[in-house]
Amino acid sequence: MSNTEKLAMRTPSLADENFAALVKLFPNAVTETVDENGSVVRAIDKDVLAQEINAHVVEGREERYQFTWPDKRKSILLANAPIAAALRPCREESVDFDTTENLYIEGDNLDVLKLLRETYLNRVKMIYIDPPYNTGKDFVYEDYFAEDTGEFLRRDGQYDEQGNRLTPNLDSNGRFHTDWLNMIYPRLKVARDLLTEDGVIFISIADNNDNSEAHNLRKACDEIFGSSNFLCQAIWDLGTGTQAGHFTRSHEYILVYCKNKTVLPNFDAISDENIVHGALKKISKANPATEITFPVGFPFEGDNAVFTGVLGGSEQEFIISEKMEFKNGKLVAPTTIKAGWGMANQVRDWMAGKETYDSKGQKVVRFYFNKQGILFYEKERGTYNPKSVFSDIANTKNGSSELEALFGAKYFDFPKPVELIKHLILLVSRKDDLILDFFSGSATTAHAIMQLNSEDNARRKFIMVQLPEKTDIAEYPTICEIGKERIRRAGAKIKESIKGLQVDTGFRVLKLDSSNMKDVYYTPEEFLTMAQKQQSLFGFMDNIKEDRTDEDLLFQVMLDLGIPLSARITQNSDVFSVNDNFLIACFKQVDTGLITEIAKKKPYYAVFRDSSFANDSAMVNFEQVFATYSPNTIRMVL
């Protein structure tokens, strides 16, 4: 069974990957030495490396510019250290589990980010986070810097359901800044890997006390993302303020970094005052007739063409009163039209940009209203340089009132407003981008994405990550419960307002837990000689924990194989099919007949449990069946 592989079931060591990359570049710099315990260990000869890169190597007490704090080295090691953990699906708390492409993950965000890293490497277009500000009253994540790597792995990322890994960071703490930096640095370091090459991260941070971490966060981001990839330290006008010393602090910062500025296009939105969030001015029932002005340079398809614009459909049409003259696809002179509520009571598909012709053979430009009465046109976006001060978008009161409107009570202090997050999303995100928030809180980011998708008929997807921090609210004992319920309620409200338009308001709930494998779980490299591996890959028959379901195993397999956790899953009896037979998995007993049936479907991956084989005959025939019907299928066991 030499063609069958064993799944690793743990995240890779980034330190090992970095060492391997260095070895590939400079093999002559690799050497061996003896550590403090007398063991022979791998090493890099810094003198050889310095010669290869022809640069001065700073060492010892030699002065250099640096940003450091106690435990920085350990926080970097923590970011690179592998973990053995699992994300277990929870159908009963999910919405549209089988069809949604959105994820809500409960657990320590560092462990979750590590689990997501391989699968979502370079896939996330935008990250927004609102981390603890370190005011002296909030909490920071307590990571286990005192443990060595072995102890860290044995811990398996466990914590209790109340999130007791959170500890208060009082300003009397002698490690006040150190603890906060130890918390944020490794999380940002891992999160950077998830961004696309043109991806952008937005980080909210306050500047409202003597111990503000805003300056430390900027330095940390300069180091992780590179100072050359700094875009802006935007100021968000809160609309109100709190007295802090000699000033009333009425703003927060939003740090903006990208992964690679050289490939990041200019922001793409309309700056004209009549354009709101990429859409034309809203028409309301209270004002059923309004004039809409298309400014000079407004882009349409076509070149040196004259268009007649038509608004509406079979029931009612709004004709632009004059012909619109274009040159190089841009409007030459401003054009004003009269438009009414008209099609606002109908939800129409996104039709902008499609070339159609009227009865006279003239090209028609079609506009459609959505349920909210907003008129859309696909080509209305242009290069936009947003102001670094957000003074007219939304304020903290808006965020609180939005949440209270959904729940009928105040359950969360100072949530970010939906309009603020929508504004950030529209700067960088288009139709089907993936957006991550790993300090999800009340899930404003998820709410904003669903709302925006309903307005511009896009298919942006979200991943929310939140530690189940305990609350004192009986109905919602953790912050996660508030976040999930907000998404449910906001999703239901959005669907009600846009009947007929397809918007994904569901989400799959996944919960971080210890590995699905028992403590005796092994890797072939550690426990089997080559001869033993050739003889059998099924030596341990009870390596799965008794409380784990087949679906638990499936999601861990998906992570190991780099398959998105939002992939389509169908189940026929005990057989799972993921993304139309890209992966077929069965963790119950299989005989030669079922193996043959699976092999004939020619999956890219076929995964079984090592104790699945019904008898010796099934084990013996396993490789032969696949060799006959699907020799290119990658066969794996766990």
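Points worth noting:
- Here Glu551 meets each of (1) part of a helix (DSSP H, G or I); (2) farther than 24 Å from Ile83 by Cβ with one exception, condition (2).
- The one condition from (1) modelled with pLDDT under 80; (2) under 30 Å from Pro564 (Cα atoms) that Gln51 does not meet is (2).
- Close pairs (8 angstrom Cβ cut-off, 6 or more residues apart or separate chains): assigned by TED's automatic domain parsing to the domain that holds Glu106 and aromatic (Phe, Trp, Tyr) in region 498-518, surrounded by fewer than 22 Cβ atoms within 10 Å (Cβ to Cβ) and at pLDDT 90 or above anywhere: Phe507/Ser94; Phe507/Val95; Phe507/Asp96; Phe507/Thr100
- When residues in region 410-440 are screened for being buried (at least 22 other Cβ atoms within 10 Å of the Cβ) and of a type in the set (Gly, Ala, Ser), 1 of them pass.
- Residue within region 573-595 that is of a type in the set (S, T, N, Q), under 30 Å from the mean Cα position of the chain (by Cα) and not in a loop (DSSP other than H, G, I, E, B) present: yes
- Within region 596-629, the set of residues being part of a helix (DSSP H, G or I) and among the charged types (D, E, K, R) comprises Glu597, Lys600, Asp616, Glu623.
- Filter result for Asn579 (of a type outside the set (A, V, I, L, M), closer than 30 Å to Val95 by Cβ and surrounded by fewer than 18 Cβ atoms within 10 Å (Cβ to Cβ)): yes
The values are calculated or read from the model by the stated rules, or taken from the named source; none is laboratory data. Owing to the predicted nature of the structure, the values given are computational and were not obtained by experimental measurement. With ideal geometry, Cβ positions are generated from the backbone for all residues, glycine too; neighbour counts draw on all protein chains shown.
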